[in-house]
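The values are calculated or read from the model by the stated rules, or taken from the named source; none is laboratory data. Please read all numbers here as calculations on a predicted model, not as lab measurements. Heads up, the Cβs are rebuilt from the backbone with ideal geometry, glycines too, and the neighbour counts pull from every protein chain shown.
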Amino acid sequence: MTGGSLRLRLLAGTLTWVALAIALAAWGLRGLFQEHITQQLQAQLVMQLNHLSAAVDWAPPDQVSIGPMVADARLDQPLSGLYWQVDELGVAPRTALARSRSLWDQVLQLPPAPTGYPAQGYRVLALRDALDHALLAVARVVELPDEGAPHLRLVVAADTALIAEPLQRFTRLLWSTLGLLAAGLAVAVALQLHYALQPLTVLQRRLAAVRSGKAMQLEGRFPQELQPLVGEFNHVLAENAAMVVQARAQAGNLAHAVHTPLAVLANAAAGEDGVLAQLVREQVGSARRQVDYYLARARAAAAVRATGLATPVLGPLTALLRTMERLHAARGLDFELAPQAEDVAFRGEEQDLYELLGNLLDNAGKWARSRVLVDVQREGALLCFTVDDDGPGIPEAERARMFERGVQLDQRHPGSGLGLDIVRTLAETYGGSVEALESPLGGLRMRLCLPAGGQERV
């Protein structure tokens, strides 16, 4: 079993064993109590049998007399559940020579007297009365010293209902007590599980902090059972960070290795005229853009797998706005940051953030008449940028084609058509999105959503 709640599984397992233990305890205690009261009743019957044995006498020629005896008052109450009876044994046995008033008109039906009755002891018998009630009885055979006296069998019996009633009361009390005990144990188990699993909740919060970029490793003290796990996870985080750093270094080395010969070719062609030089310059520019495109993709893919990344956006965004104003100074464009823009963090590389926003701002600057407005707001786990311009805009039917590779909707502005494709690719690599909408300023709105760093706001 791998799914479901660990807390519920532990609670269910523990409560199951508690219930079994309570049931076994109830069964055992009830059995012990039943045996106890049975032995107690049997001891009372033996005591009454001893009194009866001391009081029985033989009156010739064939009469049995019972002298004064210390007896239970129930022996004089008709059908009280406590009885005694005297039978004659021998060649011509006779039943009920004498009996207690509690028998009324009933006679105890006893089995034939077996041989080997203890001279001074007794036998325990299981009988049934005329109403088919179960009886517990003790019997003894006595031989009176009188001449001609026969062997007599003395029996004292009690209805087992005398046992059932206290047993029922005890059972009700037992189950109510054990029920309260079970409820208390259930509460104790639930509290124990709550506090025992609390370190896992702390571990989850620390992992969320690492994932959101608030921490680079798991920090804090954990129980010794969890400490090896925490250590191994920190080791994995360190190795992951090292791999990301190595990937960035390799990407930078590759970019330098490719850009150097491209720069040599561009410089060689810059001083030359003619069709061949123009072709070299165009192809060098295209190669540079292609290299930048694929290096950006590789860098973003490495950053997505990394943990602990959190890049504040207002600093790079403000720097880009200043750069764009200088770049488009000849046209007098205003690049503004919305006053309600939030100071949030991007869960990714700073260089990728520059790449994404730079392309969007540069594209807006190409089409804006006088103004570009930028805003950034957090929306759950995402931060969303809006770049609005007051340009001519783009018809809705053509907006989707803007992000296709190599597509330029207007050839009046220079470019290769790779900028917005890079934006779309990088955004999707990070798990975000980009779309073109109608701007409140009258032109085009570019909406870019990227994963946010830090915890989600509720």
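At-a-glance table
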| read-out | value |
| --- | --- |
| Options Arg424, Arg445: the member that is outside any loop (DSSP other than H, G, I, E, B), modelled with pLDDT of 80 or more and farther than 29 Å from Arg211 by Cβ | Arg445 |
| Selected residue (criterion: farthest from Leu15 (Cα to Cα)) from residues of the stretch 186-229 that are in a helix (DSSP H, G or I) and of a type in the set (Lys, Arg) | Arg211 |
| Close pairs (9 angstrom Cβ cut-off, 6 or more residues apart or separate chains): closer than 23 Å to Arg128 by Cβ and without any contact (Cβ under 8 Å) to a residue 40 or more places away in the chain in the stretch 54-83, small (Gly, Ala, Ser) and surrounded by fewer than 16 Cβ atoms within 10 Å (Cβ to Cβ) anywhere | Ser80/Ala73 |
| Which listed residue is modelled with pLDDT of 75 or more, within 30 Å of Ala338 (Cβ to Cβ) and not aromatic (Phe, Trp, Tyr), from Pro228, Pro261, Pro312 | Pro312 |
| Only listed residue being farther than 22 Å from Gln246 by Cβ, in the same structural domain as Val236 (by TED's automatic domain parsing) and modelled with pLDDT of 75 or more, chosen from Gln278, Gln290 | Gln278 |
| Flag for Gln192 being without any contact (Cβ under 8 Å) to a residue 40 or more places away in the chain and exposed (fewer than 12 other Cβ atoms within 10 Å of the Cβ) | no |
| Qualifying residue in the stretch 317-336 (condition: under 23 Å from Pro395 (Cα atoms), in the same structural domain as Arg399 (by TED's automatic domain parsing) and among the charged types (D, E, K, R)) | no |
| Breaking point among (1) under 30 Å from Ala55 (Cβ atoms); (2) crowded, with 16+ Cβ neighbours inside 10 Å; (3) of a type outside the set (Gly, Ala, Ser), for Phe233 | (1) |
| Matching residues, the stretch 323-375, being in a strand (DSSP E or B) and without any contact (Cβ under 8 Å) to a residue 40 or more places away in the chain | Asp334, Phe335, Glu336, Leu337, Asp375 |
| Sole exception among (1) modelled with pLDDT under 85; (2) among the hydrophobic types (A, V, I, L, M, F, W, C); (3) surrounded by 15 or more Cβ atoms within 10 Å (Cβ to Cβ); (4) farther than 18 Å from Leu144 by Cα for Val70, by number | (3) |
| Flag if Leu154 is in contact (Cβ under 8 Å) with a residue 40 or more places away in the chain and either closer than 30 Å to Thr311 by Cα or in a strand (DSSP E or B) (or both) | yes |
| Residue in the stretch 162-173 that is over 60 Å from the mean Cα position of the chain (by Cα) and of a type in the set (S, T, N, Q) present | no |
| Count of residues meeting criterion [of a type in the set (Asp, Glu) and modelled with pLDDT of 90 or more] in the stretch 7-60 | 1 |
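The rows are residues; the columns are (1) touching a strand residue (DSSP E or B) at 6+ places or on another chain (Cβ under 8 Å); (2) not assigned by TED's automatic domain parsing to the domain that holds Val156.
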{"position": "Arg7", "(1), (2)": "no, yes"}
{"position": "Leu10", "(1), (2)": "no, yes"}
{"position": "Thr16", "(1), (2)": "no, yes"}
{"position": "Ala21", "(1), (2)": "no, yes"}
{"position": "Gln39", "(1), (2)": "no, no"}
{"position": "Val46", "(1), (2)": "yes, no"}
{"position": "Trp58", "(1), (2)": "yes, no"}
{"position": "Met69", "(1), (2)": "no, no"}
